[in-house]
Structures are given as structure tokens and as C-alpha cells.
Amino acid sequence: MIRERIREKIQKIAPRGVDFSIERPERSEFGDYSSNIALVAAKKMGKNPLEVAKEMKSNLEKAKMNGVERIEVADPGFINFYLSDKVFIENIVNILNAKEKYGSNETLKGKKIMIEYTDPNPFKEFHIGHLMSNSIGEALSRIIEFSGAEVKRANYQGDAGIHVAKAIWGMMHMKENLTTDFLGRAYVKGDRAYEEDEAARKEITEINKKIFDRSDSQINQLYDRGRKLSLDQFEKIYQRLGTKFDYYFFESETGKRGEKIVEEGLKKDMFEKSEGAVVFRGEKAGLHTRVFINSEGLPTYEAKELGLALIKQEKYPHDFSFVVTGNEITEYYKVVLEALKQLYPDIAQKIKHIPHGMLRLPTGKMSSRKGEAITADSLLDELKASALKKMQESETIVAQEQEAVADRIAVGAIKYSILKQSIGKDIIFDFETSLSFEGDSGPYLQYTHARACSVLKKAGEATITASTKTVPEKVTEIEKLLYAFPEVVERANTEYAPNHIATFLINLARAFNHFYARERIIDSGDAAPYRVALTQAVSITMKNGLWLLGISAPERM
RNA sequence: CUCCCCGUAGUUCAACGGACAGAAUGGGGGCCUUCUAAGCCCUAGAUGGGGGUUCGAUUCCUCCCGGGGAGACCA
């Protein structure tokens, strides 16, 4: 509304087409919204920005702006808008009515979106790197859903290829009972043999072919049982993490499709043969050459990716397709997309690659090949144990509940530590700080929510009902933050940046805890019903925000 | 060698070209006979370096230094 009024009222003063911004100043003394219109316009007009701002201000004051209490001009020429408390208080009522819908928007209404993430490989461990992809992908899915889109979650898993052959080779040479732990070790053994032993390498290559054409019954059996065991294990982890996929795609099915696409491209001279392989020359688009069909005649990951793009569109016709992966794939993915663009421009156009940083240990990059990766379960178990210990000390909840709640806290802790930073950057994974439940952490947010719930429960017992009949003289930071939540969600959506929500929740939690420490919420005074309403609004918003991050909000902890 | 990404308090992270660069953690000092101390309050501390564009630069451009990723049959 402010933007529109500025456009209307400023036309006479400012040159047309000035690009101005409306933002929320960090410091509340500069108002609730602020515009740089005068600064931008004054430059084009060759005038003093402060003078321009003053002129604009008086024009704007004549316009009717609901909820804007006053307008001020500040150096060097900002125009600041101050909202009346009424706006914030009405919003509290709005939150209490909207409940789990509060913060949602309809910017993507009617859109169908497929989002691929996690992508673990059967026969290998589900390690903390997958945890990163899963946390980010799930959060983005929820943010997009909250913006009105229909979202389908997809998981693309590498059940074919040399890594599987390595694991099978390891299984054949170790002969142990089939467990996920054994699979992990079998892969490590196979990988080492592949690197160090010429004969083993040949055997593994042979196994790879046999897996592809299913010509060996012993290998088929090991393959089928190992694959199922891996996938079942992944399913347990997804449940623990709160993810449910709508579609599963496998490399074993995308390969053939990819081959066909490359053949088409070859006919149209978009691909070419080189050194016995089929390659795509990315150089024409400022990229590099990549192999799509290797000299053995097998499709590489590149070709499979093309097949996947088409299969996705057929299974679930969509408007946008997001692919969340680690950023080591970025350059590779540009080439694949370029190739797809030349053959199927309409499909390529809908795809957006969202790369995230890598999880690394303070000692450097971890390698699942060497068996030094930390598995998701072992990390979660460790976090859970420490949450459990803390709960047993404080005795705030009954013993039967502790186990389940500790697990939710563990998941919250790790997810938050991933989502609090911008997704493109690497995370230096430090055990100490990630295990911490204090300060800038998931459990801090969960704790704040649980605390609010506890207060509300007591309010119920004292028969104090939420009401905004009697309001305070002046609203606090809490009301203003609550009002900003829908805008934060929109920004997280347009920028694919869950960390904005994380930052917001920390600010909200801090504001509420500050309030909690200073004021008594439940007492016999007139202020109690409003404070209860405020607490309820905080708990709703906190819960919705945590949901967007894929973090559950226990009512007790 | 080429291309891409990143350098912010001791450490781990924020900051939509804006107004005094925010947190957390660690350090120092306080706060529980009343709603969950996984909390609250006070305190110290930072934009790798040089140019440039701009009324205004952590943010954009350029060079240098440092770290990471990718670069033909792994993904």
C-alpha cells in the first residue's frame, strides 16, 4: 500500500520510472517502513534529497493511508513511515484466527512444483551430507507449499553404477550377515580394492556390466537384497526427519531414457562422437565438454540426468522443477541443462538447480569412500542422548514422553544448525557447537515454544482467556516481529532462503524471552488477557516458523 | 593453466546498494521462595589488501593475496 501511494502521490515531483525500495529499517527509531524514493529521485532531478523528501512527505500526508500514524524525513533523505499500534494489535487477533495458516501467502497459487532432494545412493551410508540436502530440500518444499503451490517431493537414488559394483564386490569378499553397517564397509573395501588392485578393478567392472544386464543370478541376489535393505533403512531415516517423498526415481530407470535422448541429439548434431564416446560440446555456451555416453556404450550420469528430466515431467506435469544438490555439481549441471535446453527448451526452462554448500569437518572434507563419513543416525543418536540427559535432570516431563521428545530435539538441533545459514555456503561441522542446545540453536526455539505453551496451559487453569480488549499503552518488539512474519516467509520463498526464517525465529524467541523475564503473564491484573493473547500469537508463529524449517515444536521439553 | 564459489569479532554464522555492521559461542560480571535458568541482563571484540562506480559499498566493477569446487569417459 505504501508503495502504491508513493507511486500515485509522487508522480508530479519525481521523474517517471525511478526505481525505489521499501524496506524495514533495522532500527525501530527509523519507523516500520522506510523508502529511499527521495534519494533516488533527487539524483535524477539534480536537487537536494532532503528538500525532495520534505516535499514528498507533505504530499503523502494528504493521501489516506490506513494504519500509518505518521511520516518522518530523516538524513540524508529517507522517508520513514510509522504504523499505529492498532495495526499490530489487530494482527494479534488475525494470528489467533489464522492459526496454522498464519504467515502463508498465495504468490504461487495454482502452480505445480516438483522438488528433488536428498538423493542418497543405495549401498552407501546415509551420512550427514545427505542430512544437509534433506533439511534444505524439505524446508524449501514447505516454504513453497506455504506460498500456495502444489509441491511433489522427489528423491533420485543411484542404484546403478560403479559404486554399487564396488559394494557388491566387497560383499562377495567379506561374506557377513546383511546389515547396513556391513554394506557401508563392503563399499569401502570395494572402493579401496578398485583403487589399489588391478585384478579387482577388472572384476568390479565386470560386476557392473552384470548388474546392468542382470545376467548373473548370484549378483542379482546380492544386488536385490542389498538394495532393499538400503532403501528400507533410508525410509526409517526419512520418517525420523519428517520427510515423505511422493516420487522415487532410480538411475536404473533413467539410463535407457537418457540414451534415447542422446541418440536424438546425435542425429540433430547437438552431440558428437569423440574418442569412442558421445560428448556434448559445452564450449559454445562458455562451458566445457562432457561425456554423455562412454566408450563402453553406457550412459553416464549426464545422460541419465536428461532422462530424469523427461520422466519427471511425464509422471507429474509441472510448472517448475527444482533440484537441490551439493554445489560440487554446479558446473556439471550447467552443461547438462545447456544440453537439455537445445533439445527440449520448454522443459529445461522450468528447471532450476539449487546448489547448497558442503558439510565439512574442521579437518577438511570427509570422504564416504574412505569410510570416514559420519552417518546421520549416529549423529542423531548422540544428540538424542544428550537431550535425554538434560531432560532427566530437569524432570519437566514424564519419563514415557522423554524418549520421543529427545528425538525431536535432536532432529531440531541438527536441522537448525544447517538452516540458519545461507544455503550456498559450506558448513564447517563442529561437533561441540552442533551438540549445543543453547543460544542460536534449534532447541532454543523449541524451548521458547514449549515455554509459551506451558504458560498458556497455566492460563487455562486460571481461566484467563486471551483478549485484546484491554491493550498496553505501547506495543513491544514482539508485536512488530509477529507482523513481519508473512513478509519474511515471502522473502524466504522468492530467494529460496530458509535462513531468513531461522533468523526471524531467533529474533522472535529473544523478544519473547526478554518479555517473559520482565513481565508476569498470568496474574489477576487487567493486563493478563492481552499478555495471554500475545503469548498465544507467539506460540502459533513460532510453531509455524519451525514447521517451515521442518522442525517439530513439542509442547513440553 | 581456465572457469565458478567464498574471505565479516578468538570461533561459527547474519546483514533485500542504505542510516551507529547484527547474533551466538568463548572471556569478564550479575539474576531462580512466584508462569520451564535449554532462560534473562550488563561488558569486551570484526568487514583480507589496493584502486574504482555511487549521495551512500560487507554488498557492484577491477587487480592482488588466501581458501574451496569443477574442468572427457566417477557422481
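Points worth noting:
- Lysine pair count for region A:297-421 [Cα-Cα under 14 Å; pairs on different chains or 8 or more apart]: 8
- A simple spin-label model places the labels of residue A:197 and residue A:209 2.0 nm from each other, with each point 7 Å out along Cα-to-Cβ.
- Region A:178-209-region A:482-557 distance, computed between alpha-carbon centres (Å): 51 Å
- Qualifying GluC sites (Glu not before Pro) in region A:218-293, where qualification requires a DSSP coil assignment and no more than 14 other C-beta atoms within 10 Å, comprise A:275.
- From phi via Karplus (6.51, -1.76, 1.60), per-residue ³J(HN,Hα) for region A:120-129 in Hz, x at Gly/Pro: x, 9, x, 6, 10, 5, 8, 9, 5, x
- The C-alpha atoms of chain A define a longest principal axis, and helix A:442-461 lies at about 50 degrees to it.
- Label-point gap, in nm, between residue A:11 and residue A:86 - each point 7 angstrom along Cα→Cβ: 2.8 nm
- What the Cβ-Cβ distance of residue A:246 and residue A:51 gives, at R0 = 51 Å and to the nearest 0.05, is a FRET efficiency of 0.30.
- Taking θ as phi - 60° and the Karplus parameters 6.51, -1.76 and 1.60, the scalar couplings of region A:231-240 work out to 5, 4, 4, 4, 4, 5, 5, 4, 5, 4 Hz in sequence order, x denoting glycine and proline.
- Alpha carbon centroid spacing (whole Å) that separates region A:257-311 from region A:5-70: 54 Å
- Take every DSSP beta bridge whose two residues both sit in chain A; close to 50 percent of them are antiparallel.
- The phi-based Karplus calculation (6.51 cos²θ - 1.76 cosθ + 1.60; θ = phi - 60°) puts the 3J(HN,Hα) values of region A:25-35 at x, 5, 9, 5, 5, 8, x, 8, 9, 9, 10 Hz, whole numbers, x for Gly and Pro.
- Distant-in-sequence amide H partners of residue A:157 (H built 1.01 Å from N, under 5 Å): A:249, A:250, A:251
- Rounded if a/c under 1.5, otherwise prolate or oblate - region A:1-97, Cα gyration tensor axes: prolate
- Distances between placed amide hydrogens fall under 5 Å for residue A:152 paired with A:113, A:114, A:115, all partners being 5 or more residues away or on another chain.
- Projecting the Cα atoms of A:163, A:250, A:419 onto the dipole axis of chain A, where Lys and Arg carry +1 and Asp and Glu carry -1 at the beta carbon, places A:419 farthest toward the positive end.
- Angle in degrees between helix A:180-196 and the longest Cα principal axis of chain A, rounded to the nearest 10: 60 degrees
- For trypsin sites (Lys or Arg not before Pro), the sites in region A:159-237 that DSSP calls loop and that have at most 12 other Cβ atoms within 10 Å are A:175, A:214.
- √(5λ) per eigenvalue of the Cα gyration tensor, region A:376-548, largest first, Å: 30, 22, 11
- Between the helical axis of A:198-213 and the longest alpha-carbon principal axis of chain A there is an angle of about 70 degrees.
- Overall form of chain A per C-alpha gyration tensor (a/c, 1.5; a/b vs b/c): oblate
The numbers here are math on the coordinates, done by the rules we state, and not lab data. Values in this document were obtained by computation on a predicted structure and should not be read as measured data. As a convention, Cβ positions derive from the backbone with ideal geometry for all residues, glycine included, and neighbour counts pool all protein chains shown.
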